Amino acid sequence: MSAEIKALSPKSVWGYFYDFTQIPRPTGQMEEVTRYVVTFGKNLGLETVQDEVGNVLIRKPATPGMEGHKTVILQSHLDMVPQKNSHVQHDFTKDPIDAYIEGDWVTARDTTLGADNGIGAALAMAVLADTTLKHGPVEALFTVDEEVGMDGAFGLKPGFLKGEILINCDSEEEGELFVGCAGGADLNISFQYKEDKHIPVGDVAVKLSLTGLKGGHSGVDIHLGRGNANKLLFRFLKEGVCDYGARLSFVEGGSLRNAIPREAFAVITIPEDNVQALWELVADYQDMYRTEYVGIEDGIMFVAEMTDMPETLIPEQIQDDLINAVEGCQNGVISMLSDFPGTVESSSNLAVIKSTPEMLEVKILVRSSSESRKAYVCSSLDSIFSLAGAKVEYGGAYNGWQPDINSPVLNLMLKTYEGLFGKIPSVKVMHAGLECGIIQGIYPEMDMISIGPDLQFPHSPDERINIPSVQKVWEFITATLAQI
């Protein structure tokens, strides 16, 4: 499909985007993609520098007559979220993305597409390469390792950037200008134990598989009410343990902190006499989940199958404490913003639960536009898991980006958009972590805004990007640059 995608308009943007789909670039594997961008900049004869954490900065001089204008930074990140459907054999560390066109959308076969934020990087590269555009001095900043920890943004140093205005190209709704975003914090929770080697006499082993959920971005999709595989599996486990004599040996749900978990698996033992009743219970729960999520989740699958007997079990007290804590912990939307109706203020994502020999790990991402509310949500989660006997540690905290409705670049871009498309765009705050908040802390005087094309279901294998909206964003960016 390379020829078809590269033929889309604007060709330069889609050509660079397709190149990104061919470069494996999960968070933490940035060498090849940064080398590609550095080579691109040097081949254009533009000043190209890389800082100590790996961020790439390319500077393009102003077109003649606009040398005195303010320098604009086009900012995007180079890594992508690696998510795939469980039946797919895909190695994100070495396999290219199989992208294709479906109607007005570009998507990928059974994996994330990487339009978050490959399309933003492609837009910046197209600006750098186009000699017909009119603009003042331009800097293109390509940050690394945004999706897990925002390491690239945190690694920026004062003085690296010269620009006064930053246009972040990592938002996901065309026709909307974002002027703020939520901050976040990670909770790392662990239960230490010694494995129980005593398997009850007469027990058999069963594997539980909960699959088919949509998942999605734990910020921009959290308000859609989608199922969290971890919460649903543990809801079942509580009844299985209390009423059917189940014992938990293994559990694994979710894979990334910033993705709503789509799948969860467990191995349990259960008295053989209760197997038939367990089968019926699993079927009942599948029906119940499908009913509760009708119109939201259309592919929920919950199945049980016989499996090999495990050698050990999770100690019964640890098992019970974990189940009760997961059942009780807050997940999903917690509060809404009053100043921006319909926008989530605070949320939590029970992202990962995984058992390893002698330890259970739970990972939660808390987001909030309010620092005090973020601290409160973290404290409430800390309380419930601490009461369950777990060790709770904090990490990866970052501030939100505070809105400035009097921003000069906002007012300019509102007028530019209306002049191009005949309507005034919405001004919003995003319930997701943009690097703007971190960059604002390093460059407090910088005027910032975030834009992007229509991108649906990021951080999930359903990720797709709208083709006509990319053309509109390209026209918007180039028209804006001509006026700053």
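Any read-out appearing in this document is the output of simple, stated calculations on the displayed coordinates, not a laboratory observation. From a predicted model like this one, the values you see are computed outputs, not experimental measurements. Using ideal geometry, Cβ is built from the backbone for each residue, glycine included, and neighbour counts are taken over all protein chains shown.
Evaluated at q = 0.13 Å⁻¹, a Debye calculation over the C-alpha positions of region 185-395 (equal weights, vacuum) places log10 I(q)/I(0) at -0.72. For Lys194, the lysines whose Cα comes closer than 20 Å to its Cα, not counting residues fewer than 8 places off in the same chain, are Lys354, Lys391.
Each of Val333, Val138 was scored by other Cβ atoms within 10 Å of its Cβ. Arranged with the fewest first, they read Val333, Val138. How large is log10 of I(q)/I(0) for region 1-118 at q = 0.16 Å⁻¹ when the intensity is taken from the Debye formula with one equal scatterer per alpha-carbon? Each listed q maps to, in turn, -0.86. Along the axis of the charge dipole computed for the chain (Cβ charges of +1 for Lys and Arg, -1 for Asp and Glu, origin at the Cα centre), the listed residues Val344, Phe160, Gly328 are led at the positive end by Phe160.
Fewest to most neighbouring Cβ within 10 Å: what's the order for Thr48, Thr307?
Ordered from fewest to most neighbouring Cβ atoms within 10 Å, Thr48, Thr307 come out as Thr307, Thr48.
When the C-alpha to C-alpha distance is required to be over 23 Å, the pairs from Lys60/Lys428; Lys162/Lys423; Lys60/Lys157 that qualify are Lys60/Lys428; Lys162/Lys423. Between 0 and 90 degrees, the angle of helix 371-387 with respect to the longest Cα principal axis of the chain falls at about 20 degrees. Neighbours of Ile199, meaning other residues whose beta-carbon lies under 9 angstrom from its beta-carbon, give a summed charge of -1 when Lys and Arg score +1 and Asp and Glu score -1.
For the chain, the direction-averaged projected area of the alpha-carbon convex hull comes to 23.1 nm². Between the Cα long axis of helix 408-421 and the first principal axis of the chain there is an angle of about 90°, rounded to the nearest 10. Projecting the Cα atoms of Leu74, Ile300, Ser249 onto the charge dipole of the chain, computed from C-beta unit charges around the Cα centre, puts Leu74 farthest toward the positive end. The order of the peptides 113-124, 219-230, 282-293 by mean Cβ neighbours within 10 Å, most packed first, is 113-124, 219-230, 282-293.
Packing here is the average count of other Cβ atoms within 10 Å per residue, and on that basis the peptides 196-204, 266-274, highest first, run 266-274, 196-204. Cβ crowding within 10 Å, taken as a proxy for footprinting-reagent exposure, orders His77, His459 from fewest neighbours to most as His459, His77. Region 84-121 and region 159-182 have Cα centres separated by 24 Å.
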